[in-house]
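A short write-up of the structure that comes next.
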Amino acid sequence: MKKRIGSYPHVRVEGGGRGVVSQAGSVLLMETVRKTGLDQAISAALAPWRKPRAVHDPGKVLLDVTLAVALGGNCLADGDMLRAEPAVFGPVASDPTVSRLVGQLAAEGKRVLTALRTARAEAREHVWKLAGDAAPDADGRVIVDIDGVLVLAHSEKEDAAATWKKTFGHHPLMGFVDHGRGGSGEPVVGLLRPGNAGSNTAADHIEATTLALAQLPKRLRRGRQTLIRTDSGGGTHEFVAWLAKRGRWLSYSVGMTITDAIHQAVLKVPASAWMPAVEPDGDIRDGAWVAELAGDCLTGWPKGLRLIVRKERPHPGAQLRFTDADGMRLTCFATNTAGEAIAALELRHRQRARAEDRIRAARATGLRNLPLHDTAQNQIWLEIIQMALDLLAWMPLLALTGKARLWEPRRLRLRLFSTAAQLITTGRRCYLRLAAHWPWTDVITDALDRLHALPNPG
């Protein structure tokens, strides 16, 4: 009788194995690239920067880095994981070639950024058509969340500075299209800013919103069907006036700072004017009430603005602020949506918290660190992150169902992308044979079947 030592079986390890592929589940991302036409769009966009006798297509090089980031990489050198599997990913450029391309694109500035963003917008419109009833604009409306992100820097990178949270790094402004409760979200803008950039700088919010709108289908770039949602950083006179400008007519739901005028107006609201807040399932939210403010606190704001405040019993141990009243936590937001109950509008604004989930996914997909020194190069890296997040949002949108559609990048990597497979070549074709015992093999194969059933672009 042999006695086992330790908690795990003892497995002997040796090299020399053949026909085994790691990260085999990444074929889901590659098939998403093909069906969305992102590869063709990026290659066409970067064609002007391809040298006459270059071996590697700049579009393919950038997409290889994008795939590496989507699989969990956080620097340009992480393309090694693709280079190790040429039978699956094809020829992958060397690290020096990738670095030279990023430097070349960064030197071209806005021309390259405009080309990349235009290509992404074309692919996005195609994806939303393929998604049908699951598309973010299926009901004729779309919600864009704008929010700032703090990215720490551990070295003296260009534009790295002290942030408002007393850390050191950068303060990009990000925007995401909300897919609602049944999905995740996809990035539509990533504006790189110095670490000391203000949280409520109107010019930056206007620029970020302009770039975000350019990512939407043309019919959604103006009009009440497009809602711009921000925290209190967007609650400035200039930004709200820009959103409500004649000819733009965008809907908005922006957080507001509790000023003294708002605080005094809250104290004057009669008890009968407070209505219970609601939960997404329609139930009453315990210990929370909403009311609409009027009077002098609306002076100077665009016509049609509604100011809605919520008071809520704070969580045990939470510290009240001097702007709170009667032991209740106060929050406030402004909107120009008319004809809807204030409880429904408050719930809609509260769901802006889903943007924090998108930011968490972005941090897990290359945004934890800006790996390059120059700001122009890090802006290219930010575009790569957005393309990776696009793929991580489009693949579930087009191919996954049920709870799997809500999986965040880390779970997708652990359960789907990291799957190993056996590579078999027969009849001049290559096949990946996934492990039968892997619990999510059926999820992968079913998703691939749905992607294969989609029409090819163009």
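The values are calculated or read from the model by the stated rules, or taken from the named source; none is laboratory data. Quantities reported herein were computed from a predicted structural model and do not represent experimental measurements. Note that we place each Cβ from the backbone using ideal geometry, even for glycine, and neighbour counts take in every protein chain shown. The area values use the complete protein model at the heavy-atom level, side chains included, leaving out ligands, DNA and RNA. Shrake-Rupley method; radii C 1.70, N 1.55, O 1.52, S 1.80 Å.
What ratio of Cα Rg to 2.2 N^0.38 Å holds for the range 41-164? Working shown, then result.
On the way: Rg = 17.6 Å, N = 124, 2.2 N^0.38 = 13.7 Å.
Rounded to two decimals, the normalised Rg is 1.28.
Could you work out, for the range 322-413, what percent of all Cα-Cα pairs fall into each 10 Å distance bin, beginning at 0 Å and stopping at the bin that holds the largest distance?
13, 28, 25, 25, 9, 0
If packing is taken as the average number of other Cβ atoms within 10 Å across a peptide's residues, how do 23-32, 297-306 rank, most packed first?
On the way: 23-32: 23.1, 297-306: 14.0.
Packing order, densest peptide first, comes out as 23-32, 297-306.
Where the eigenvalues come from the Cα gyration tensor of the chain, what are the semi-axes √(5λ) of the equivalent ellipsoid, largest first, in whole Å? Mind dumping the intermediate values first?
On the way: eigenvalues 370, 137, 99 Å².
Computed over the chain, the values are 43, 26, 22 Å.
Any idea what log10 I(q)/I(0) is at q = 0.13, 0.19, 0.23 Å⁻¹ for the range 102-187, Debye with uniform C-alpha scatterers and no solvent?
-0.66, -1.00, -1.10
Please sort by residue number the trypsin sites (Lys or Arg not before Pro) in the range 365-458 whose DSSP state is loop and whose Cβ has at most 15 other Cβ atoms within 10 Å. Working shown, then result.
Values: sites: Arg368, Lys403, Arg405, Arg410, Arg411, Arg413, Arg415, Arg428, Arg429, Arg433, Arg450; in loops: Arg368, Arg428.
Answer by residue number: Arg368, Arg428.
Just the number, please: carbon plus sulfur as a percent of the accessible area of the range 1-137, 1.4 Å probe, no ligands or DNA/RNA counted.
Values: 4020 of 7450 Å².
So the carbon and sulfur contribution to the accessible surface is 54 percent.
Could you calculate the FRET efficiency of Ala261 with Ala344 from 1/(1 + (r/R0)^6), where r is the beta carbon distance between them and R0 is 25 Å, rounded to 0.05? Intermediate values should be presented prior to the final figure.
Working: r = 26 Å, r/R0 = 1.03.
For Ala261 and Ala344, the calculated efficiency is 0.45.
Which is farthest toward the positive dipole end of the range 322-458 among Leu400, Ile424, Gly327, measuring Cα position about the Cα centre, with Cβ charges +1 (Lys, Arg) and -1 (Asp, Glu)?
Highest projection toward the positive end goes to Ile424.
Hey, if you drop one equal point scatterer on each alpha-carbon of the range 1-69 and run the Debye formula without solvent, what base-10 log of I(q)/I(0) do you get at q = 0.11 Å⁻¹?
Calculated log10 I(q)/I(0) at the listed q: -0.51.
With no solvent and one point on each alpha carbon, what is the Debye value of log10 I(q)/I(0) for the range 196-247 at q = 0.13, 0.28 Å⁻¹?
The calculated log intensity ratios at q = 0.13, 0.28 Å⁻¹ are -0.31, -1.23.
With the dipole of the chain worked out from charges on the C-beta (+1 for Lys and Arg, -1 for Asp and Glu) around the Cα centre, which of Ser22, Gly295, Pro172 lies farthest toward the positive end?
Of Ser22, Gly295, Pro172, it is Ser22.
Would you mind telling me the antiparallel percentage of the DSSP bridges in the chain, rounded to 5?
On the way: 45 of 54 bridges.
The antiparallel proportion sits near 85 percent.
State the extension gain, in nm to one decimal, for the chain segment bounded by Val269 and Thr114, taking 0.36 nm per residue of separation less the distance between their alpha-carbons. Write down the numbers at each step before the final one.
Working: separation 155, 0.36 × 155 = 55.80 nm, distance 4.91 nm.
Length difference between fully extended and current span is 50.9 nm.
Based on alpha-carbon atoms only, what is the radius of gyration of the range 165-232 relative to the globular estimate 2.2 N^0.38 Å? Intermediate values should be presented prior to the final figure.
Values: Rg = 13.4 Å, N = 68, 2.2 N^0.38 = 10.9 Å.
It is 1.23.
Accessible area per residue for the chain in Å², computed with a 1.4 Å probe and the full protein assembly in place, what is it?
Heavy-atom accessible area per residue stands at 50 Å².
Taking the Cα-to-Cβ direction at Cys430 and at Val13 and moving 7 Å from each Cα, how far apart do the two end points lie in nm?
2.6 nm
How much accessible area does Met275 have with a 1.4 Å probe, in Å² rounded to the nearest 10?
Accessible area of Met275: about 90 Å².
Round to the nearest 10 and report in Å² the accessible area of Ile42, as given by a 1.4 Å probe over the protein chains' heavy atoms.
My reading of the accessible area for Ile42 is about 0 Å².
Could you please state how large a percent of the accessible area of the range 215-294 is carbon and sulfur, counting protein chains only and using a 1.4 Å probe? Could the numbers behind the result be given before it?
Details: 2090 of 3980 Å².
Carbon and sulfur: 53 percent of the exposed surface of the range 215-294.
Starting from the coordinates of the alpha-carbon atoms of the range 358-458, obtain the Kirkwood hydrodynamic radius over all distinct pairs and give the value in Å to one decimal. Display every interim value, and only then the final one.
On the way: mean 1/r = 0.0633 Å⁻¹.
The answer is 15.8 Å.
If a helix is a whole DSSP H run, which ones in the chain reach 24 Å or further along their own axis (Cα) and hold a mean Kyte-Doolittle hydropathy of at least 0.5? Intermediate results must be reported in sequence, preceding the final value.
Values: long enough: 110-131 (31 Å, -0.43); 375-399 (36 Å, 0.89).
Taking the DSSP H segments of the chain (at least 24 Å long, mean hydropathy at least 0.5), we get 375-399.
Run the accessible area of the range 169-214 with a 1.4 Å probe and give the carbon-and-sulfur part as a rounded percent.
Numbers: 640 of 1230 Å².
About 52 percent, which is the carbon plus sulfur part of the accessible surface.
Between the range 365-382 and the range 1-57, what is the C-alpha centre distance in whole Å?
Result: 22 Å between the Cα centres.
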